[in-house]
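The values are calculated or read from the model by the stated rules, or taken from the named source; none is laboratory data. Everything quoted here is computed from the prediction, not taken from an experiment. Don't worry about glycine lacking a Cβ; one is built from the backbone with ideal geometry, like all the others, and counts go over all protein chains shown. Heads up: the accessible areas ignore ligands, DNA and RNA and are worked out on the full protein's heavy atoms, side chains in. Shrake-Rupley method; radii C 1.70, N 1.55, O 1.52, S 1.80 Å.
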Amino acid sequence: VLAIWNQLTKTEIPELAKCSVLMRERGRVEETIHSMQRAGAGSLQVISDFDMTLTRFAHNGRRVPTTHNILINRLLISEDCTQKLKVLLNTYYPIEIDPSRSVEEKLPLMVEWWTKVHELLIQQRIRKDLLAQAVNESGTMLRDGYKSFFDRLAEQQIPLLIFSAGVGDVLEEVIRQNQVFHPNVNIISNYMDFDPTGALQAFKGLLIHTFNKREGALSHAAGLKNLQGRPNVLLLGDSLGDLTMADGVSEHQNILTIGFLNDQVEERKESYINSFDIVLVKDETLDVPNAILSYIT
Ligand code: TMP
Ligand code: MG
């Protein structure tokens, strides 16, 4: 049976045969994809991380900014604040991706990072009416193939939940400017709270960082009624913390997880292969998710 499935995938989803695609159990992945295909588009939902998952990690050798880093623009923040944010990034990002530290060890440090960054941003009283221009000037880029990814899901009315520890207002502006903010898109993220003059005064709700997406998922589950009755989940992420984004889905049948391994490839390969069903190594495209979606739907 396995041989037949391998054959099927080779002909139906040749993208899975690329050498940048790693799988712990290829047979089980194929079985899951077939089972999702039999259930069809009406049973499917997609849950995706944003920064470095839907957006590119790098382009022409330069890092593509995350939603937080898009705010590093003199329109919005001072030179002094820029320096402070960069110091924080250089301190905490290596901790976030450090394979030798446990999640328990990273958790309080991530809270520290996000809290410090948000305090700095609030001090700058960032203006809501300048966010669109900052996004436009930022050089942010969605992964190649984003248009067919978003458009196909919208056409088939498959809900797409974007679950981001980034900044929701910036994220929305990125997908709006790329013309893919379709009605099937729901977003869970850190949203800015502006005062009546349009200046940032706080962040709303529960703080979401890389390693507490489970809490965010559970607290929003009840509000996302359109996701009920869709037991098959395609999950996309670039961090091991992203694996808990589907924890709010109560009665799931099949979950297929795809992990983008962008950085520290050799150090993290083993843990990614052990944690995600499919690992995409230094792949700046959405070709594999698109091929799977086109087979399933
Ligand atoms: P994500 O959940 O959409 O991937 O967003 C979280 C990413 O944002 C995480 O990988 C770290 C990154 N980040 C920055 O680039 N700058 C910051 O100041 C903070 C707090 C996070
Ligand atoms: Mg990410």
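All conditions in (1) β-branched (V, I, T); (2) more than 28 Å from N186 (Cα to Cα); (3) open to solvent by less than 30 Å² (accessible area, probe 1.4 Å); (4) within 11 Å of ligand 1 (Cβ to nearest atom) hold for T53, with the sole exception of (2). Go through the stretch 76-104 and report how many residues are more than 16 Å from ligand 2 (Cβ to nearest atom), assigned to a helix (DSSP H, G or I) and open to solvent by less than 30 Å² (accessible area, probe 1.4 Å). Final tally of qualifying residues: 4. Pairs meeting the criteria (first residue in the stretch 152-167 and without any contact (Cβ under 8 Å) to a residue 12 or more places away in the chain and more than 24 Å from L218 (Cβ to Cβ), second residue of a type in the set (F, W, Y) and away from ligand 2 (no atom under 16 Å from the Cβ), beta carbons under 8 Å, at least 6 apart or on different chains) are lacking. Checked across the stretch 209-216, the condition of being buried (at least 18 other Cβ atoms within 10 Å of the Cβ) and over 22 Å from W114 (Cα atoms) holds for no residue.
Sub-6 Å Cβ pairs linking a first residue in the stretch 8-32 that is open to solvent by less than 70 Å² (accessible area, probe 1.4 Å) to a second residue that is among the acidic types (D, E), at least 6 apart or interchain, are T9/E30; E15/D287; S20/D283; V29/D277, ordered by first then second residue. Residues of the stretch 251-278 that are open to solvent by 60 Å² or more (accessible area, probe 1.4 Å) and in contact with a Pro (Cβ under 9 Å, 6 or more places away or on another chain): E251, H252, Q253, Q264, E267, E270.
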